[in-house]
Amino acid sequence: AMLALRLYMYAKSRYLYFLLDFCYWANLSCFLSVLLLPDNTRLWRLNYAVSNGTLLGALVAWRNSLVFHSLDRTTSVAIHFLPGLLTYLERWSDDSRMIRGDTDNNLGWSGAFLDPLLFYVGWQLVYILKT
(Lines give C-alpha, C1' and ligand atoms only; values in the text may rest on other atoms or scores of the structure.)
Protein backbone atom coordinates (compact mmCIF):
# COMPACT_ATOMS: atom_id res chain seq x y z
CA ALA A 1 0.00 0.00 0.00
CA MET A 2 2.86 2.37 0.80
CA LEU A 3 4.48 1.72 -2.58
CA ALA A 4 1.20 2.26 -4.41
CA LEU A 5 0.67 5.53 -2.58
CA ARG A 6 4.25 6.59 -3.35
CA LEU A 7 3.68 5.78 -7.02
CA TYR A 8 0.56 7.94 -7.01
CA MET A 9 2.24 10.82 -5.15
CA TYR A 10 5.34 10.75 -7.35
CA ALA A 11 3.25 10.60 -10.53
CA LYS A 12 1.21 13.56 -9.33
CA SER A 13 4.37 15.53 -8.51
CA ARG A 14 6.16 14.39 -11.69
CA TYR A 15 8.89 12.59 -9.72
CA LEU A 16 8.53 9.28 -11.56
CA TYR A 17 12.23 9.09 -12.43
CA PHE A 18 12.97 8.65 -8.73
CA LEU A 19 11.22 5.28 -9.02
CA LEU A 20 14.08 4.08 -11.23
CA ASP A 21 16.47 4.06 -8.25
CA PHE A 22 18.24 0.84 -7.35
CA CYS A 23 16.20 0.23 -4.20
CA TYR A 24 13.00 -0.09 -6.24
CA TRP A 25 14.67 -2.59 -8.58
CA ALA A 26 15.76 -4.65 -5.57
CA ASN A 27 12.22 -4.55 -4.19
CA LEU A 28 10.83 -5.62 -7.56
CA SER A 29 13.31 -8.49 -7.64
CA CYS A 30 12.12 -9.58 -4.17
CA PHE A 31 8.49 -9.42 -5.31
CA LEU A 32 9.37 -11.57 -8.33
CA SER A 33 11.18 -14.02 -6.10
CA VAL A 34 8.23 -14.39 -3.73
CA LEU A 35 5.31 -14.27 -6.15
CA LEU A 36 6.50 -15.63 -9.51
CA LEU A 37 9.75 -17.55 -9.04
CA PRO A 38 9.72 -19.00 -5.52
CA ASP A 39 11.90 -21.99 -6.44
CA ASN A 40 14.66 -19.98 -8.16
CA THR A 41 17.56 -20.42 -5.72
CA ARG A 42 19.90 -18.12 -7.64
CA LEU A 43 17.38 -15.25 -7.51
CA TRP A 44 16.85 -15.77 -3.77
CA ARG A 45 20.61 -15.60 -3.21
CA LEU A 46 20.90 -12.50 -5.37
CA ASN A 47 18.14 -10.83 -3.38
CA TYR A 48 19.78 -11.86 -0.11
CA ALA A 49 23.11 -10.30 -1.11
CA VAL A 50 21.58 -7.10 -2.49
CA SER A 51 19.02 -6.64 0.30
CA ASN A 52 21.35 -7.34 3.21
CA GLY A 53 24.27 -5.49 1.67
CA THR A 54 23.46 -2.60 -0.61
CA LEU A 55 19.99 -1.70 0.67
CA LEU A 56 20.80 -1.92 4.37
CA GLY A 57 24.02 0.00 3.72
CA ALA A 58 22.02 2.71 1.96
CA LEU A 59 19.70 2.89 4.95
CA VAL A 60 22.66 4.00 7.06
CA ALA A 61 24.50 5.98 4.37
CA TRP A 62 21.51 8.15 3.46
CA ARG A 63 20.51 8.46 7.12
CA ASN A 64 16.94 7.30 6.57
CA SER A 65 15.00 7.84 9.73
CA LEU A 66 11.80 6.19 10.85
CA VAL A 67 9.47 9.14 11.42
CA PHE A 68 5.96 7.82 11.85
CA HIS A 69 4.22 11.12 11.09
CA SER A 70 6.02 11.36 7.73
CA LEU A 71 4.69 8.89 5.18
CA ASP A 72 7.57 9.65 2.82
CA ARG A 73 10.26 8.81 5.39
CA THR A 74 8.43 5.75 6.70
CA THR A 75 8.09 4.47 3.13
CA SER A 76 11.79 5.08 2.49
CA VAL A 77 12.75 3.07 5.57
CA ALA A 78 10.40 0.26 4.53
CA ILE A 79 11.79 0.18 0.99
CA HIS A 80 15.33 -0.22 2.30
CA PHE A 81 14.71 -2.40 5.38
CA LEU A 82 11.93 -4.86 4.53
CA PRO A 83 13.69 -6.72 1.65
CA GLY A 84 16.59 -7.42 4.01
CA LEU A 85 14.22 -8.69 6.67
CA LEU A 86 12.37 -10.85 4.13
CA THR A 87 15.51 -12.48 2.76
CA TYR A 88 17.10 -12.91 6.19
CA LEU A 89 14.03 -14.69 7.54
CA GLU A 90 13.78 -16.82 4.40
CA ARG A 91 17.46 -17.73 4.63
CA TRP A 92 17.26 -18.94 8.22
CA SER A 93 13.83 -20.60 8.11
CA ASP A 94 13.58 -24.37 8.46
CA ASP A 95 12.06 -24.74 4.98
CA SER A 96 14.28 -22.23 3.18
CA ARG A 97 13.97 -22.05 -0.60
CA MET A 98 17.27 -20.23 -0.73
CA ILE A 99 19.41 -23.17 0.39
CA ARG A 100 17.28 -26.06 -0.81
CA GLY A 101 19.54 -28.80 -2.18
CA ASP A 102 22.70 -27.06 -1.01
CA THR A 103 24.72 -28.88 1.62
CA ASP A 104 27.22 -26.16 2.58
CA ASN A 105 24.68 -23.30 2.97
CA ASN A 106 27.13 -20.89 1.41
CA LEU A 107 26.52 -18.01 -0.98
CA GLY A 108 29.89 -18.49 -2.60
CA TRP A 109 31.80 -15.95 -4.67
CA SER A 110 29.20 -15.81 -7.41
CA GLY A 111 26.23 -15.38 -5.08
CA ALA A 112 27.91 -12.84 -2.82
CA PHE A 113 29.72 -10.74 -5.40
CA LEU A 114 29.35 -11.57 -9.08
CA ASP A 115 25.56 -11.88 -9.38
CA PRO A 116 24.84 -8.70 -7.35
CA LEU A 117 27.46 -6.85 -9.39
CA LEU A 118 25.87 -7.95 -12.67
CA PHE A 119 22.44 -6.96 -11.31
CA TYR A 120 23.82 -3.54 -10.39
CA VAL A 121 25.52 -3.06 -13.76
CA GLY A 122 22.27 -4.00 -15.53
CA TRP A 123 20.36 -1.48 -13.44
CA GLN A 124 23.01 1.17 -14.05
CA LEU A 125 22.82 0.70 -17.82
CA VAL A 126 19.04 1.08 -17.83
CA TYR A 127 19.30 4.07 -15.49
CA ILE A 128 21.86 5.83 -17.68
CA LEU A 129 19.97 5.12 -20.88
CA LYS A 130 16.63 6.25 -19.44
CA THR A 131 17.78 9.35 -17.60
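The values are calculated or read from the model by the stated rules, or taken from the named source; none is laboratory data. Small disclaimer: the values here were computed from a predicted structure and weren't measured. Please note: Cβ atoms are built from the backbone with ideal geometry, for glycine as well, and neighbour counts cover all protein chains shown. Each accessible area value is taken on the protein alone, full model and side chains, heavy atoms only, with ligands, DNA and RNA left out. Shrake-Rupley method; radii C 1.70, N 1.55, O 1.52, S 1.80 Å.
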In the list Leu20, Leu36, Leu16, Leu66, which residue meets the criterion of being out of contact with any His (no Cβ under 7 Å at 6 or more places or on another chain) and either of a type in the set (Ser, Thr, Tyr) or touching a residue at least 24 places away in the same chain (Cβ under 8 Å) (or both)? Leu20
Can you pull out every residue in region 1-19 that is part of a loop (DSSP other than H, G, I, E, B) and surrounded by 11 or more Cβ atoms within 10 Å (Cβ to Cβ)? Tyr15
Given the conditions (1) open to solvent by 70 Å² or more (accessible area, probe 1.4 Å); (2) closer than 23 Å to Ile128 by Cα; (3) in contact (Cβ under 8 Å) with a residue 40 or more places away in the chain, report the number of the one that His80 does not fulfil. (1)
Inspect all residues belonging to region 44-55 and state whether any of them is free of Cβ contacts under 8 Å to residues at least 40 places away in the same chain and surrounded by fewer than 16 Cβ atoms within 10 Å (Cβ to Cβ). no
Can you tell me which residue is nearest to Leu3 (Cα to Cα) among those in region 83-99 that are free of Cβ contacts under 8 Å to residues at least 12 places away in the same chain and open to solvent by 50 Å² or more (accessible area, probe 1.4 Å)? Leu85
Flag for Val77 being of a type in the set (Val, Ile, Thr), farther than 20 Å from Tyr120 by Cβ and not in a helix (DSSP H, G or I): no
Among the listed residues Val121, Val126, identify the single one that is exposed (fewer than 13 other Cβ atoms within 10 Å of the Cβ), closer than 24 Å to Phe18 by Cβ and in contact (Cβ under 8 Å) with a residue 60 or more places away in the chain. Val126
I'd like the residue in region 48-68 that is in contact with a Ser or Thr (Cβ under 9 Å, 6 or more places away or on another chain) and in a helix (DSSP H, G or I) and, out of all such residues, is farthest from Arg97 (Cα to Cα). Leu59
